[in-house]
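Accompanying notes for the structure given below.
FYI, it's all coordinate maths here, none of it is from the lab. No experiment lies behind these values; they were computed from the predicted model shown. FYI the Cβ positions are ideal-geometry reconstructions off the backbone, even for glycines, and counts take in every protein chain you see.
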Amino acid sequence: MSKSHVSMETKQCLVCAKEFNVGVLLDRRLRDSLEPKTLTGYGLCDEHSKLFEDEYIALIGIDERKSTVETNGNILPENAYRTGSVAHVKYHVLERFFNVPINKSLPVIFVEDAVIDKLKECTDENNSSKQTP
């Protein structure tokens, strides 16, 4: 494709990794320097933005051994080796589960699959105990 002085700005969803349109970029000097689409960073698609607004946090399963861990212990989205496991949990539920305050400005937390499995196990146990008369 040929370059242009206008480009569709896209971001990549932190949860599902799909690209979504954000706006339009313009080369101020009107030079043909831009690709038709330009990925400018991360964000949340409409679906996951709505869940975030409803106070859900996305737990994204990763393989820590295959991920690149920063010196401060954090894993950046581009360095996370995703396993495909994803769970959406209300912030207050997660705080009770871990017994620590959770930063509500975080839309995602990278965790090992065992954490998601344990949460599912607790949910299944809770649901089955409610069904027993």
Study note, to complete from the structure: Output ordering of 38-48, 7-17, 62-72 (per-residue mean of other Cβ within 10 Å, highest first) is 7-17, 38-48, 62-72
Exercise for review: Could you tell me what percent of the DSSP beta bridges with both partners in the stretch 1-89 are antiparallel, to the nearest 5?
Suggested key: 70 percent
Exercise for review: Treat each spin label as a single point 7 Å out from the Cα along the C-beta direction, and report the Ser67 to His92 distance in nm.
Suggested key: 2.8 nm
Check your understanding: Using alpha-carbon pairs under 8 Å, 6+ residues apart, how would you state the relative contact order of the stretch 3-133 in percent?
Key -> 22 percent
Practice item. Take the Cα atoms of the chain, build their convex hull, and give its volume per residue in Å³. Key: 156 Å³
**Study point:** Neighbourhood net charge (12 Å Cβ-Cβ; Lys/Arg +1, Asp/Glu -1) for Ile102
**Key:** +1
Check your understanding: If the limit is 30 Å between Cα atoms, which of Lys3/Lys104; Lys66/Lys120; Lys50/Lys118; Lys37/Lys118; Lys3/Lys50 go over it?
Key -> Lys3/Lys104; Lys37/Lys118; Lys3/Lys50
